[in-house]
Amino acid sequence: MVPFFEIAGHIIFGFVGKRDLSLLEKLKKRDSNLWHGDSLFSLERWEFWKTRLRWISEQDELMERTRADARKIVQLMQGIEQQNREIRLGSQD
């Protein structure tokens with residue numbers, strides 16, 4: 001998962017506010033979705049998964065590699081957010 005997010009994380013973040021995931025959610029098994037908000041790929045959804053990954057990183061009963069991967073993805077997500085802020089600030093000049 002980490003290599004995928006290293007490559008495509010900025011693309012995924014680009015879907016915030018632009019992508020409706022309702023079709024994909026209909027294909028999921030009932031009650032298997034941890035996200036209970038709307039079907040739009042929103043900043044709230046992004047934050048939900050970042051929080052969930054932080055929680056995973058703190059679970060001692062999980063393998064260290066799983067916890068380390070979760071920490072790494074959170075760091076990548078924060079980096080993507082920072083890059084996005086810098087781009088927006090740069091475009092305001």
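FYI, it's all coordinate maths here, none of it is from the lab. In this text the structure is predicted, and so the values were computed from the model without any measurement. Quick reminder, even Gly has a Cβ in these numbers, built from the backbone with ideal geometry, and neighbours come from all protein chains shown.
Determine the shape class of region 31-93: with a ≥ b ≥ c the square roots of the Cα gyration tensor eigenvalues, call it rounded for a/c under 1.5, and otherwise prolate if a/b is greater than b/c, oblate otherwise.
Oblate shape, in that a/c is at least 1.5 and b/c is the bigger or equal ratio.
List the residues, sorted by chain then number, that are 5 or more residues from L40 or on another chain and whose placed amide H is less than 5 Å from its amide H.
Amide H to amide H, under 5 Å and 5 or more residues apart or across chains, L40 pairs with L21.
If the chain between T51 and S39 were fully stretched, how many nm would it gain, using 0.36 nm times the residue separation less the Cα-Cα distance?
2.5 nm
Modelled label-to-label distance, T66 and F15, 7 Å Cα→beta-carbon offset: nm?
2.4
Between Q92 and I7, what FRET efficiency comes out of the Förster formula 1/(1 + (r/R0)^6) with R0 = 35 Å and r the beta carbon distance, rounded to 0.05?
Efficiency at R0 = 35 Å is approximately 0.75.
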